[in-house]
Structure formats: structure tokens, C-alpha cells
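> Structure in C-alpha cells, see below.
The values are calculated or read from the model by the stated rules, or taken from the named source; none is laboratory data. Because the structure is predicted, anything quoted here is derived from the model rather than measured. Quick reminder, even Gly has a Cβ in these numbers, built from the backbone with ideal geometry, and neighbours come from all protein chains shown.
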Ligand SMILES: NC(=O)c1ccc[n+]([C@@H]2O[C@H](COP(=O)([O-])OP(=O)(O)OC[C@H]3O[C@@H](n4cnc5c(N)ncnc54)[C@H](OP(=O)(O)O)[C@@H]3O)[C@@H](O)[C@H]2O)c1
């Protein structure tokens, strides 16, 4: 769409990513989708006028870095990248296996970093990067050391990138979503979630904290 922002949504097969893609398209953005589950990815693409879609796996960091260049080719340029990939994990530090810790760090930190690393050279002037971390960065809970550490590593990395990009006019958003009603904690890769209060309305929060800043081209802070 020539009159809208061109946005890549990575994690578009998830609840937050799916909502973000739909809301961005509703506001006139041309979207490209990346996700792991091929069937859901195709469904979501069909629901958005057959927009470009590419499957990927977070462990393949080179593939993660190649997503934005692909989207720029598919959309004729790229103005913003939204990254919503993530997986929960629970258990005390001595209970979580090294394999599970590696999984949490890869999906929640290394993969989003690789996506952004690949995006920075191809984003147009005044481009934006919006990456979901979470309120856990500010309020880590017991039984989430590895998940909280991964999100906090991602937040620290984004903070440095934001400073590096300031002179270029690229905005780098660290989107600290609160606990939402998407069932995210129930899809944990290890352990099970403690009893949590009801999550907030995902559509409202995704619109307020993610889609609106991206569509307004939030200024670098
Ligand atoms: N929901 C909340 O309460 C909440 C609160 C704060 C922060 N967050 C953050 O918001 C983000 C999205 O949450 P959500 O509620 O939308 O969760 P979700 O529905 O489970 O979505 C997670 C997304 O991550 C993708 N993903 C997971 N493992 C992957 C892997 N190995 N390779 C590639 N993609 C992978 C999933 O892909 P597939 O579906 O294709 O497998 C999906 O697109 C996460 O980063 C989460 O940490 C959520």
C-alpha cells in the first residue's frame, strides 16, 4: 500500500503479533509477517489480503537477521519492524535445565536481537523498531530467573542500540507489556506458571503500547 507505513511483524503467529498485524493493517500499514507455525502464518496472511509471509525458527539466527531484508524486498522498502517473539519459562534457578535456559535466552533475547541487527541497515529514514520485552524487566518474580534474565538482557541491548541510533533518527522502542489475557504463561517451555491475576485486555494494550507508537513514528528517546 503506497500511502501507509511498511511494517514487518515478527512473531505474527502469536496472540500479540497477530493483534499488532491486524491493527497495523487496519490503520493503513502494508504488513509482512514472519512466524514459526506455517499453518497459522498462512491463515494470518490470507486474513490480511495475502500479505507477504515467511516462516522462521528463532534458533536460526542468520534467518532471523535476514527477515527485514526479505520484508524490504517484498514491500518495496521498510519503515518499521515489530518483534513479538517470546516464550515463558518457570522454575527456581536450580530446577531449570541448561537446555531450557538456553532455549529461553535464544528465543527471548538472541533471536529478537538478530532480527533488529538485520533490520537497522535496511530501515528507511525515521524508521522504527519496536520490540516486546515485558513488565518483568521492572518487576522480576521468583521462579522466573531465566525468563526475566533474557528479557532484561534484551532491554539492556535495546537501550544501547537506541543511543547508537539517535543520530540517525531511528526510534528504538522497548515495549514493556503488562500481563495480558493471551494465555502466554500457559505455553511455557519449562515449568508451570504460578497463579496469576487476570491479564489485561490484549487488544487495548497492544494498540496503546505498540501499534500507536509505531504508526506515529515515535521519536527516539
Ligand atoms: N501475554 C503476556 O501476558 C505478555 C506480557 C508481557 C510480555 N509478553 C511478551 O509478548 C510477546 C508475545 O506474547 P504472546 O502473548 O503473543 O505469546 P504467544 O501467543 O505465545 O506468541 C509467541 C510468539 O513467539 C513465537 N515463538 C515462540 N518460540 C519460537 C521459536 N522457537 N521460533 C520462532 N518463533 C517462536 C511464536 O511462534 P508460533 O506461534 O508460530 O510457534 C509466537 O509467534 C512475548 O515476547 C512475551 O514475552 C507477553
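> Going by what's in this entry, would residue 135 be described as touching a helix residue (DSSP H, G or I) at 6+ places or on another chain (Cβ under 9 Å) and closer than 20 Å to residue 17 by Cα?
no
> Next up: For region 132-147, which positions are within 11 Å of residue 175 (Cα to Cα) and either assigned to a loop (DSSP other than H, G, I, E, B) or within 7 Å of the ligand (Cβ to nearest atom) (or both)?
Of everything in region 132-147, those that are within 11 Å of residue 175 (Cα to Cα) and either assigned to a loop (DSSP other than H, G, I, E, B) or within 7 Å of the ligand (Cβ to nearest atom) (or both) turn out to be 132, 133, 134, 135.
> Additional query: For a quick check of your reading: which strands (runs of 3 or more DSSP E) sit entirely within region 25-100 and have at least 2 residues that are under 23 Å from residue 154 (Cα atoms) and at pLDDT 95 or above?
30-35, 80-83
> Name the one entry in 155, 150 that is near the ligand (Cβ under 10 Å from one of its atoms), in a helix (DSSP H, G or I) and closer than 23 Å to residue 58 by Cβ.
Testing whether each residue is near the ligand (Cβ under 10 Å from one of its atoms), in a helix (DSSP H, G or I) and closer than 23 Å to residue 58 by Cβ leaves just 150.
> Follow-up. Taking the condition of being under 21 Å from residue 136 (Cβ atoms), part of a helix (DSSP H, G or I) and without any contact (Cβ under 8 Å) to a residue 40 or more places away in the chain, how many residues in region 161-200 meet it?
1
> Say whether the condition of being within 13 Å of the ligand (Cβ to nearest atom) and surrounded by 17 or more Cβ atoms within 10 Å (Cβ to Cβ) is met by at least one residue in region 70-81.
Scanning region 70-81 turns up no residue that is within 13 Å of the ligand (Cβ to nearest atom) and surrounded by 17 or more Cβ atoms within 10 Å (Cβ to Cβ).
> If you scan region 201-216, which residues turn out to be farther than 19 Å from residue 8 by Cβ and either within 8 Å of the ligand (Cβ to nearest atom) or part of a helix (DSSP H, G or I) (or both)?
202, 203, 204, 205, 208
> Out of 6, 63, 117, 38, report the one residue that is within 29 Å of residue 201 (Cα to Cα) and either surrounded by fewer than 21 Cβ atoms within 10 Å (Cβ to Cβ) or without any contact (Cβ under 8 Å) to a residue 24 or more places away in the chain (or both).
38
> Filter region 26-44 down to the residues that are within 13 Å of the ligand (Cβ to nearest atom) and within 19 Å of residue 77 (Cα to Cα) and list them by number.
Hits for region 26-44 are 33, 34.
> With respect to residue 159, is the statement that it is touching a helix residue (DSSP H, G or I) at 6+ places or on another chain (Cβ under 9 Å) and surrounded by fewer than 17 Cβ atoms within 10 Å (Cβ to Cβ) true?
Here the answer is no, as residue 159 does not meet what is asked.
> Which residue pairs have Cβ atoms closer than 6 Å, lie 6 or more positions apart in sequence or on different chains, and pair a first residue in region 80-97 that is within 30 Å of residue 9 (Cβ to Cβ) and free of Cβ contacts under 8 Å to residues at least 12 places away in the same chain with a second residue that is assigned to a strand (DSSP E or B) and within 7 Å of the ligand (Cβ to nearest atom)?
From residues that are within 30 Å of residue 9 (Cβ to Cβ) and free of Cβ contacts under 8 Å to residues at least 12 places away in the same chain, there are no pairs.
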